[in-house]
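Taking it in order: structure first as structure tokens, then the write-up.
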Amino acid sequence: MKKLVLVILDGLGDRPNRLIGNKTALERAKTPNMDKLAKGGRCGLMYTVGKGISPESDAAMYAIMGYDPFTNYTGRAAFEALGLGIKIRNDEVAMRGNLATVDEMGRIVDARAGRIGGSDATALIDAIDGVELSAPVKMLVRKQEGYRFVVVFRSDELELHSNISNTHPGYIKPGTKFGVAHEFKLGKTEVPRCMAFDKESETMAKAVNEFTDSSHEVLKKHPVNVKREVPANCILLRDASKGLPKIRGLKEKFGLLWGAVTERTVEKGICSHVGMDIVKVGKEKDLVKDCKNKVGATLRDIDFYDCVYVYIKGPDSPSHDGDVMEKVGVIEKIDEHLIDGLTKGLDMDNTVICVTADHSTPCETRSHSDDPVPLLIHGAGKDSCRVFSEPACAKGSIGTIEGQQLMGLLAKTLNFKRRRD
């Protein structure tokens with residue numbers, strides 16, 4: 001049976017950018033290794049969640065794994081908590097949080113507080129973990145990467161519900177369990193109040209607003225912020241989740257054993273929930289070292305697993321910063337140090353490699369968009385594509401698919417007669 005390696009490059013998709021001759025970052029980048037895979041494989045485009053939807057990574061990955069984010073989903077924060085080792089109960093509500101910066105008028109001037117991290121972020125998040133609420137609701141706050149954290153709300157007296165709005169204006173919940181990107185203007189937008197979409201969720205909305213207000217009072221007086229040019233003096237919350245979705249795991253659905261090479265919290269949560277083993281790989285801020293680590297982990301464990309999932313954050317960060325040339329450089333490093341390492345180390349005659357993205361993040365908009373992402377599959381026939389780019393993939397033989405179709409499509413490329421008990 002052939003092996004499968006699924007590579008997800010976060011935020012890879014883009015739109016033509018006037019700063020680089022009206023090309024996308026992927027078009028502009030020199031990617032001989034991905035181009036070689038495209039030339040020997042099949043290409044297409046993919047709406048990861050659905051046409052017209054600008055998804056966050058969680059809903060996109062949930063769909064790519066073959067699950068329906070519209071009907072069988074409880075929200076991202078539950079996966080973030082799980083990735084931190086917190087398996088929330090069905091009666092608990094989790095939310096994601098950002099440390100952020102507001103001016104004296106309460107307007108958001110930086111939704112990431114200057115990308116604060118390290119010991120400063122830890123001290124501030126520990127401080128808001130001590131906030132007490134007047135309602136019979138308790139909280140557990142835990143730090144994630146950088147400026148991010150997770151908060152779990154629980155109550156022994158009241159039943160909590162998660163049908164509430166976000167207080168992060170960059171993401172909204174349009175009647176679904178998952179958030180979608182939403183543009184807002186820095187310096188002109190105040191932190192929104194949390195609203196309940198039904199009567200049962202009013203207690204939860206009240207708790208979120210009280211936590212937001214109390215955290216602001218704690219943070220603006222904290223010694224860490226006295227020395228910071230960009231103080232982390234408020235919090236933005238989103239993606240309320242009650243419990244975890246009930247699903248059939250990938251092993252049960254397809255009979256394939258998966259390993260996940262990722263260190264990102266939400267990815268670890270989603271992958272473990274769908275039945276993947278989390279492969280041990282060290283955290284590296286340096287992109288080149290990160291790529292090499294993940295190549296090493298994949299080659300080390302590919303003999304044991306039928307399929308290996310590899311996640312790289314790289315392209316998304318410069319996209320959110322609007323730095324298209326940095327995104328070009330990131331893509332080139334991934335091609336040189338991840339894709340080249342995989343193709344040289346794997347038995348390519350007996351391996352299917354799929355390279356795609358969870359969503360598009362155009363540098364001009366600095367936010368996720370509803371544009372389809374490029375998709376290539378090598379090891380299961382080939383078409384007329386000669387390079388890996390959005391325009392080339394639009395002409396590929398795979399056509400345009402939705403994220404939920406990908407896992408079934410990949411499974412069909414493998415001769416998976418054997419099932420593991």
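Among the conditions (1) crowded, with 17+ Cβ neighbours inside 10 Å; (2) acidic (Asp, Glu); (3) under 18 Å from the mean Cα position of the chain (by Cα), Glu284 misses just one, which is (1). Scanning segment 235-251 for residues that are under 27 Å from Cys307 (Cβ atoms) and among the β-branched types (Val, Ile, Thr) gives a single hit, Ile247. Just to be sure before I move on: is Cys194 farther than 16 Å from Met105 by Cα and in contact with a helix residue (DSSP H, G or I) (Cβ under 6 Å, 6 or more places away or on another chain) in the structure I sent? Considered against the rule, which asks whether it is farther than 16 Å from Met105 by Cα and in contact with a helix residue (DSSP H, G or I) (Cβ under 6 Å, 6 or more places away or on another chain), Cys194 comes out as yes. For Lys36, the stated conditions hold: it is assigned to a helix (DSSP H, G or I), at pLDDT 95 or above and surrounded by fewer than 22 Cβ atoms within 10 Å (Cβ to Cβ). Can you find a residue that is of a type in the set (Phe, Trp, Tyr), under 30 Å from Ala240 (Cβ atoms) and not in a loop (DSSP other than H, G, I, E, B) anywhere in segment 64-77? Among the residues of segment 64-77, not one is of a type in the set (Phe, Trp, Tyr), under 30 Å from Ala240 (Cβ atoms) and not in a loop (DSSP other than H, G, I, E, B), which makes the answer no. Scanning segment 47-58 for residues that are surrounded by fewer than 24 Cβ atoms within 10 Å (Cβ to Cβ) and in contact with a Pro (Cβ under 6 Å, 6 or more places away or on another chain) turns up just one, Tyr47. Per the conditions (1) touching a Cys at 6+ places or on another chain (Cβ under 9 Å); (2) buried (at least 23 other Cβ atoms within 10 Å of the Cβ); (3) in a loop (DSSP other than H, G, I, E, B), the sole criterion not satisfied by Met61 is (3). Among the residues of segment 300-322, the one identified as crowded, with 24+ Cβ neighbours inside 10 Å and in a loop (DSSP other than H, G, I, E, B) is Pro315. When Val373 is tested against (1) touching a Leu at 6+ places or on another chain (Cβ under 7 Å); (2) surrounded by fewer than 24 Cβ atoms within 10 Å (Cβ to Cβ); (3) at pLDDT 95 or above, only condition (2) is not met. The single condition among (1) at pLDDT 95 or above; (2) buried (at least 22 other Cβ atoms within 10 Å of the Cβ); (3) not in a loop (DSSP other than H, G, I, E, B) that Asp213 does not meet is (2). None of Val352, Val387 is closer than 24 Å to Pro32 by Cα, assigned by TED's automatic domain parsing to the domain that holds Leu256 and in contact with a strand residue (DSSP E or B) (Cβ under 7 Å, 6 or more places away or on another chain) except Val352. In segment 94-139, of all residues being among the polar types (S, T, N, Q) and in a helix (DSSP H, G or I), the one that is farthest from Asp213 (Cα to Cα) corresponds to Ser119.
The values are calculated or read from the model by the stated rules, or taken from the named source; none is laboratory data. These figures come from a predicted structure and were not determined experimentally. Positions of Cβ are backbone-derived with ideal geometry, glycine not excepted, and every protein chain shown enters the neighbour counts.
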